[in-house]
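Throughout, read-outs are computed from the coordinates displayed, never taken from laboratory work. Given the structure is predicted, the values throughout are model-derived calculations rather than measurements. Cβ placement follows ideal geometry from the backbone for every residue including glycine, while neighbour counts extend to all protein chains displayed.
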Amino acid sequence: MDKTIVTCALNGVLTDPAVHNVPVTPKEMASSAREAFDAGATIVHVNFRDQQPGKGMLATWDPQVAYDICYAIRAEVPELLINMSTGTVGDDISGALACLEKVRPEMAALNSGSLNYLKIKKDGSWAWKPFTFDNGVPKIEKFLEVMKRLNIIPECECFDTGIVRSIPMFEKNGLVHSPAHVSLVMGVDSGMPANPEWLPLLLKELSPETIWQVIAIGREEVWPLHKRCIELGGHTRTGLEDTFYLKDGTKAKSNGVLIEHLVSLIRECGREVATPKETRQLLGI
């Protein structure tokens, strides 16, 4: 099927809603999801934010908050697939697992390896205190146990080349079903760069049957990467979690605008956007 799946990452983590127009409340998330869907997205990737006034930049693993947000999205756009974030630092994943149980999304992120999460300022100082985004195999196994029981498709997020090369091992070992669903996360400063030239090399490390997409993090440099991804037959994701900027360097005002630009690029490359039904067929749902 010569179709490209479009995912919208609605809000991410830590971005201050007082500074950037990221949705936080169930009503805002549903409205932004509708806008993304109308522009061409068939999947929304959701992070859950603290609903207390002034704390919308902070994550929460309150299952009721997760349910309220996803219920609002489903009520507004029943056709959309929900891909739930599960990113946690440390061994305590009870909150994320409780949210999976409560929401039961069609898909969920499976962070598939560890990364020293670093960013440097122009003066050489750390942008934040360095930490390790730890995703060892025992942690991965705990997530997969719940995902398999709830019939949730794991989306293997790979931030670095060693993590990419682990995916065929996961398939051979039986950790994940083949073909795996893989996201190549490119543009995190201490991970793989948002460089289109890397894509053919990365794909050689995956089985030809892999269902893959690029998550392009950064500014206007992400758009050539999206283009190369589309040309190579990959699926796509954008949204205010990944970038605030359009191809010409201007700042995007909403998720819908970013999706419109991505859909336009897909069509410029001679491909067409998958419908919700086609998305489910392509993902085996």
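What trypsin sites (Lys or Arg not before Pro) does the range 118-220 have in DSSP loop regions with at most 16 other beta carbons within 10 Å?
119, 121, 122, 219
List the aspartates and glutamates whose Cα sits under 12 Å from the Cα of residue 277, skipping any in the same chain fewer than 8 residues away.
Once the sequence-local aspartates and glutamates are set aside, what remains near residue 277 is 79.
Mind listing which trypsin sites (Lys or Arg not before Pro) in the range 1-89 are in a DSSP loop and have 13 or fewer other Cβ atoms within 10 Å?
Counting only loop positions with at most 13 other Cβ atoms within 10 Å, the trypsin sites (Lys or Arg not before Pro) in the range 1-89 are 55.
For residue 258, what charge total do you get from the other residues with a beta carbon under 14 Å from its beta carbon, if Lys and Arg give +1 and Asp and Glu give -1?
-2
Give the lysines whose C-alpha is closer than 20 Å to that of residue 27, dropping any in the same chain fewer than 8 places away, or say none.
55, 102, 253
Can you tell me how much longer the chain between residue 64 and residue 123 gets when fully stretched, taken as 0.36 nm per residue apart minus their C-alpha distance, in nm with one decimal?
The span from residue 64 to residue 123 would gain 17.0 nm if fully extended.
Taking H as built 1.01 Å from N, whose amide H comes closer than 5 Å to the amide H of residue 212, not counting residues under 5 places away?
182, 235
Going by amide H atoms built from the backbone, whose H comes under 5 Å of the H on residue 153, apart from near neighbours?
The answer is 107, 108.
For the chain, how big is the tail of P(r) above 32 Å, as a whole percent of Cα pairs?
17 percent
Spin-label point model (7 Å from Cα, Cβ direction): what's the residue 264 to residue 172 distance in nm?
4.5 nm
Counting each DSSP H run of 4 or more residues in the chain as -39500 (n - 2.57), what helix-only mean residue ellipticity at 222 nm follows after dividing by all residues, to the nearest 500 deg cm²/dmol?
Result for the chain: -11000 deg cm²/dmol, rounded to the nearest 500.
Within 10 Å of each candidate Cβ there may be at most 16 other Cβ atoms; applying that plus a DSSP loop requirement, which chymotrypsin sites (Phe, Trp or Tyr not before Pro) in the range 66-142 survive?
Taking the range 66-142 and a limit of 16 other Cβ atoms within 10 Å, the loop chymotrypsin sites (Phe, Trp or Tyr not before Pro) found are 128.
Leaving out same-chain residues fewer than 8 places away, which lysines sit with a Cα under 20 Å from that of residue 121?
Cα-Cα hits under 20 Å: 129.
So, in nm, how far is label residue 19 from label residue 141 when the simple model puts each one 7 Å beyond its Cα toward the Cβ?
4.0 nm
Antiparallel versus total DSSP beta bridges in the chain: what percent is that, nearest 5?
Here the antiparallel bridges make up roughly 15 percent for the chain.
Going highest first, how would you order 253-260, 38-45 by mean Cβ packing within 10 Å?
Taking the mean over residues of other Cβ atoms within 10 Å, the ranking is 38-45, 253-260.
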